[in-house]
Amino acid sequence: MVVVVSLCFVVFSLAGALKVSIPKPEYEHARGDNITLPCNFLPKGKPPMVIIIWTVNLGGPSDPATMILTRYPTSTDVPPLYEGRASLALDIAKGKADLKLSSITLQDNKVFSCRVQIPGDDEGKLVDSVRLVVLVAPSKPVCALQGTAEYGQNVNLTCLSAEGSPTPVYSWEQRDVRNTPRLRDPRTTDRGGILSLYNISMDTSGYFICTSKNKIRSASCNITLKVLPPSMNLGSSAGIIGGVIAVLLVLALIILICCCCKKRKQREAEKYAMATPEEGAFADKEPVGNGKRRDSRDEEERSEYDRRVITDDRRVVDDDRRVVNDDRRVVNDDRRVDDDDRRSDYTARRSDYDDRRSDFDDRRSDYDDRRSEYSDRRDRYDDRDDRRRDDRRRDDYRNESDRYDEPYDDAEPARPKPPSVPNNKPPRDTY
Ligand SMILES: *[C@@H]1O[C@H](CO)[C@@H](O)[C@H](O)[C@H]1NC(C)=O
Ligand SMILES: *[C@@H]1O[C@H](CO)[C@@H](O)[C@H](O)[C@H]1NC(C)=O
Ligand SMILES: *[C@@H]1O[C@H](CO)[C@@H](O)[C@H](O)[C@H]1NC(C)=O
Ligand SMILES: *[C@@H]1O[C@H](CO)[C@@H](O)[C@H](O)[C@H]1NC(C)=O
């Protein structure tokens, strides 16, 4: 009787024991996805109340569990670590207590456990676990060329995705310049995303496409290989550029030298023109207006040649006058007595000189008038005017020289002591 009761109890217990199950031991999902981890339970009868507890740990038997969610009959408790990410899809009638987890990350690569507690139904399988594998799609790979794309060279084409879990596998595909697929050279090797090309030639040129792939997704990149003859490298381009720059520099130097020469010539000419008026005793003979007149001449930009001719003429006159002056100095020693007379003579000459200056001014205004009148024929006029003025001035100087001579001629007969003049005195007529 005891045995029968016991047997009946065992049968009843087995039929009424709680059974919690998760269909698969492992689920794979891509990072960032919103996922559902299923949990089924079969209660003994119609349960008065059900408590659901989802926990997570690293998977080891002794690893401590972390609470994700507890569902009491009247409330659901989610700790801060999973707040907003975890929720429960509960259907007691169907025996479903699925965990919904949004935006999974690599940190969710763990073992999740589903525990069901029913009062009075605490035998059977109360807990089941599932491993979540969070995968990462391969990031877009980067294709690159190692080496020099020249005839006869060996180069590597590299392909690498920054991330991917599981680790992506790489494969290369070739297309010729017309973008039609072609078979790879038997010497080509493809290891871990590095495609090695040996003894490349123009025929090696084309498109190379790398695909990075793992169990959830794939991504690809491509590279265009253009194999060139060795002469078309950067060095020769640099040589050409350098040559052009050198030619430009030489040209610049030549231009600079030309400018310098021109400037120096100009400077010398200016120096010469400036030095001339200071040189002669002539300056004290010139009326004040003469400076202005010379300035105006500069403004009119008369040719250097004309000025030089004038200057040369003046210099000849200056030399004459200097000789005369020297001569006069010799005579002066003998003529101290005549000083008073000669001083008065000087005064007379100065008034004469003033007269000439006013005459000069008149001529200048006359000249100005005529210039405005014949401005259109200035060049021709200037030549004529210069010549005429030079002649006129030369005449003036000649007259002046004569006038200088006059006092001696006059004074000599009036001299009180003629014998004091040395007998070897050079004859005046030579001048
Ligand atoms: C995941 O769920 C969140 C809301 O919880 C939503 O904003 C997001 O777009 C979902 N992502 C995907 C991949 O469905
Ligand atoms: C290409 O890669 C191989 C190893 O994969 C290396 O030994 C070789 O030096 C590389 N060649 C170039 C041009 O980078
Ligand atoms: C490289 O290829 C050229 C033809 O493209 C061939 O003449 C030469 O012998 C090759 N060199 C090597 C080292 O294989
Ligand atoms: C090569 O890559 C570029 C972007 O990197 C893409 O637009 C193009 O379609 C690719 N070409 C091929 C043949 O895959």
Furthest towards positive pole of dipole, Ala137, Gly120, Val78, structure part the stretch 24-176, Cβ charges: Gly120
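Going by how many other beta carbons lie within 10 Å of each one, how would you line up Leu132, Leu251, fewest first?
On the way: Leu132 19, Leu251 10.
Arranged by neighbour count, lowest to highest, Leu132, Leu251 become Leu251, Leu132.
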Just how large is the dipole of the stretch 19-135 about the Cα centre, in debye to the nearest 20, putting +1 at every Lys and Arg Cβ and -1 at every Asp and Glu Cβ? 240
Using only the alpha-carbon atoms of the stretch 19-135 as identical scatterers, what base-10 log of I(q)/I(0) does the Debye formula give at q = 0.15, 0.18, 0.22 Å⁻¹? -0.63, -0.90, -1.31
In this structure, the FRET efficiency calculated for Lys100 and Val169 from their beta-carbon separation, with R0 = 35 Å, to the nearest 0.05, is 0.60
For the stretch 19-135, what does the relative contact order come out to in percent, with C-alpha contacts under 8 Å and a separation of six or more? 40
All other residues with a Cβ under 13 Å from the Cβ of Leu99 taken together, and with Lys, Arg as +1 and Asp, Glu as -1, what is their net charge? +3
Using Cβ contacts closer than 10 Å as the measure, can you line up Cys259, Cys143, Cys221 from fewest to most? Cys259, Cys221, Cys143
Around Ser218, under 15 Å between beta carbons, what's the net of Lys plus Arg minus Asp minus Glu among the other residues? +2
Around Leu69: net Lys/Arg minus Asp/Glu count, Cβ-Cβ under 12 Å: +1
If you place +1 on the Cβ of every Lys and Arg and -1 on the Cβ of every Asp and Glu, how big does the dipole about the Cα centre of the stretch 142-225 come out, in debye to the nearest 20? 300
List the equivalent ellipsoid semi-axes of the stretch 72-156 in whole Å, largest first, each obtained as the square root of 5λ for an eigenvalue λ of the Cα gyration tensor. 51, 15, 10
Of all beta bridges DSSP finds with both residues in the stretch 19-135, what is the antiparallel percent, to the nearest 5? 85
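State the percent of C-alpha pairs, over all pairs in the stretch 142-225, separated by a distance greater than 18 angstrom.
40
Taken together, the values in this text are just the output of simple stated rules run on the coordinates, not laboratory data. Please read these numbers as outputs of a predicted model, since none were measured by experiment. No Cβ is skipped: glycine too gets one built from the backbone with ideal geometry, and neighbour counts run over all protein chains shown.
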